[in-house]
Amino acid sequence: MVRKSAHKAEWKPGLKLLHMGHQPVLPATKLSGKMDKPLISRRLVDSDSSLAEFPSEAPKVGILGSGDFARSLATRLVGSGLSVVVGSRHPKRMVGLFPSAAKVTFQAEAVGSPEVIFVAVFREHYSSLCGLSDQLAGKILVDVSNPTEQEHLQHRESNAEYLASLFPTCTVVKAFNVISAWTLQAGLRDGNRQVPICSDQPEAKRTVSELAHAMGFTPVDMGSLASAREIEAIPLRLLPGWKVPTILALGLFIFFYTYNFIRDVLQPYVQENKNEFYKLPFSVVNTTPPCVAYVLLSLVYLPGVLAATLQLWRGTKYHRFPDWLDHWLQHRKQIGLLSFFCAALHAVYSVCLPVRISYRYNLVNLAIKQVLTNKSHLWVEENVWRMEIYLSLGVLALGVLSLLAVTSLPSIANSLNWREFNFVQSTLGFVALVLSTLHTLTYGWTRAFEESSYKFYLPPTFTLTLLVPCVVILVKGLFLLPCLSHRLSKIRRGWEKDSAVKFTLPMDHALAQKTSHV
């Protein structure tokens, strides 16, 4: 417990936060509630028109700027037990937008006492702060700005480096630019808590790191201020890990859609003079996502098979995989989620099949044809069983895929240990692939052997989708053989074919396989 001082305490670098174990504790303050709860409350948000007073003993932090990020930052800092003073060009107009515990004043007054000052203004407004050079001398300036993509390409130096050139007597730290205003206000959930920090002064980095800890974030030291350009590029990236998987899924969709169009629409029009172009918006689309989902799911487990084959062939795990295989392994999560998306899309389309007016017309025509042929009971036992099994396997496959997708979420994955996560993603994932294969085979039934199924001499679509999954299942089955599984287990535990080091597996071979994931 820290005793409150009767006089006004200043927050000096290196003396900002007292540590008890690994948790930072603010001097002379007591944090209320948990940091992962929303910080917006009536007590913090409600303000009056007067400039609010704040506890003099709380560590004081300054903010230059009165925009959305500055307001969210002030809310977070106040909720973390810090004393906040905001510098604005129009303090009386902006005071109502900030928490009542934060003091809103002119910029010159705001930078007087705080040792750490957040610069929450755009790059083009940095020069307007040059009049405060004398007051800012020796202070820590935390640059939270982000450039646009055009500005990032246009300027060779980062915003933080430019700010440091304008204020050579200050220590500039780049931090908090990857945190959104919503995260600052609403509190942390299960998103990324990391805050990359860089500066040329280690002491300044330590000061801002302790401040980030007090706010509930996890600081990450990125080195000198030269790393600021890399940090500023992080918010500019738009799903970098999804580019290749998305292109792959889009390419497969175009291929299978074109293939189905040729077989289901173009062939009847050319050879039978039937106009079935009405199938383009729905029927052809509905037959395309399951093909894409099935192939993508097999592509999730194919790189693991290739990696294991390489390790068996080389007799060691210490040789690097080829770059293309390494990148493929890193994109398996995205490929799997896209597979689930296509499977879910197929399920929704299939549920909507009876709603189509074309389906109703065909159903009425079938009923009339049955009446005209004097057939009172139309029932084909084989087709009934095939469809029942087909739908059941499809539902089971989609259910397992849903479980895989859910466990890919950070909030769920973080609650599982490695063995549980590996069981769901690896074992249940392979079960999903087997169920999808049985689902596809049941759909095909005997169609692959019927001459009428080869339209324009093209094989049925499902036969194309079976190629990669069947190879994966076959090779996976071979790896279960004792001669291969035993050797692969030894390699993954460090054994090398050409090494002079003797290596023996533990007596409980099954236990070793379950606990070793090197």
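The values are calculated or read from the model by the stated rules, or taken from the named source; none is laboratory data. Being a predicted model, the structure only gives us computed values, none of them experimental. Because the Cβ atoms are built from the backbone with ideal geometry, glycine has one as well, and the counts that use them run over all protein chains shown. For accessibility, only protein heavy atoms count, side chains too; no ligands or nucleic acids. Shrake-Rupley method; radii C 1.70, N 1.55, O 1.52, S 1.80 Å.
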Within segment 142-150, is even one residue small (Gly, Ala, Ser), more than 32 Å from the chain's Cα centre (by Cα) and within 18 Å of GLY65 (Cα to Cα)? no
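Within segment 273-280, is even one residue surrounded by 15 or more Cβ atoms within 10 Å (Cβ to Cβ), farther than 19 Å from VAL468 by Cβ and at pLDDT 95 or above?
No.
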Listed residues LEU266, LEU250; which is farther than 17 Å from VAL173 by Cβ, open to solvent by less than 90 Å² (accessible area, probe 1.4 Å), part of a helix (DSSP H, G or I) and among the aliphatic types (A, V, I, L, M)? LEU266
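Among the residues of segment 354-376, are any within 23 Å of THR463 (Cα to Cα), open to solvent by less than 50 Å² (accessible area, probe 1.4 Å) and in the same structural domain as CYS470 (by the TED database)? Show your work before the answer.
First, the residues of segment 354-376 that are within 23 Å of THR463 (Cα to Cα): none.
There is no residue in segment 354-376 that is within 23 Å of THR463 (Cα to Cα), open to solvent by less than 50 Å² (accessible area, probe 1.4 Å) and in the same structural domain as CYS470 (by the TED database).
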Taking first residues from segment 299-315 that are at positive phi and second residues anywhere that are at pLDDT below 95 and surrounded by fewer than 17 Cβ atoms within 10 Å (Cβ to Cβ), the pairs with Cβ under 7 Å that are 6 or more apart or on different chains are GLY315/GLU496; GLY315/LYS497; GLY315/ASP498
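Looking at segment 120-160, which of its residues are assigned to a loop (DSSP other than H, G, I, E, B), open to solvent by 20 Å² or more (accessible area, probe 1.4 Å) and of a type outside the set (A, V, I, L, M)? Quick ask: steps written out before the conclusion?
Within segment 120-160, the subset assigned to a loop (DSSP other than H, G, I, E, B) is 120-122, 137-139, 144-148, 155-158.
With the extra rule that they be open to solvent by 20 Å² or more (accessible area, probe 1.4 Å), the set shrinks to 120-122, 137-138, 146, 148, 155-157.
Answer for segment 120-160, where residues must be assigned to a loop (DSSP other than H, G, I, E, B), open to solvent by 20 Å² or more (accessible area, probe 1.4 Å) and of a type outside the set (A, V, I, L, M): PHE122, GLY138, ASN146, THR148, HIS155, ARG156, GLU157.
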Somewhere in segment 190-198, is a residue at pLDDT 95 or above and open to solvent by 10 Å² or more (accessible area, probe 1.4 Å)? yes
Report, by residue number, each residue of segment 199-224 that is of a type in the set (A, V, I, L, M, F, W, C) and open to solvent by less than 10 Å² (accessible area, probe 1.4 Å). ALA204, VAL208, LEU211, ALA212, ALA214, MET215, PHE217
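Can we say ILE234 is closer than 30 Å to SER165 by Cβ and not charged (D, E, K, R)?
It is true that ILE234 is closer than 30 Å to SER165 by Cβ and not charged (D, E, K, R).
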Among the residues of segment 471-492, how many are within 15 Å of THR427 (Cα to Cα) and open to solvent by less than 30 Å² (accessible area, probe 1.4 Å)? 1
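Determine which member of the set SER411, SER452, SER426 is assigned to a helix (DSSP H, G or I), surrounded by fewer than 17 Cβ atoms within 10 Å (Cβ to Cβ), hydroxyl-bearing (Ser, Thr, Tyr) and at pLDDT 90 or above. Walk me through it before giving the result.
Details: SER411 fails: at pLDDT 90 or above; SER452 fails: at pLDDT 90 or above.
When all the criteria are applied, what remains is SER426.
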For LEU396, the lone unmet condition from (1) open to solvent by less than 80 Å² (accessible area, probe 1.4 Å); (2) touching a Leu at 6+ places or on another chain (Cβ under 8 Å) is (1)
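Being in a helix (DSSP H, G or I) and over 23 Å from LEU403 (Cβ atoms) narrows it down to one of ARG360, ARG320, so name that one. Please lay out each step first, then the result.
Numbers: ARG320 fails: in a helix (DSSP H, G or I).
On inspection, the qualifying residue turns out to be ARG360.
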Taking TYR349 as the residue in question, decide whether it is more than 30 Å from GLY304 (Cα to Cα) and surrounded by 14 or more Cβ atoms within 10 Å (Cβ to Cβ). yes
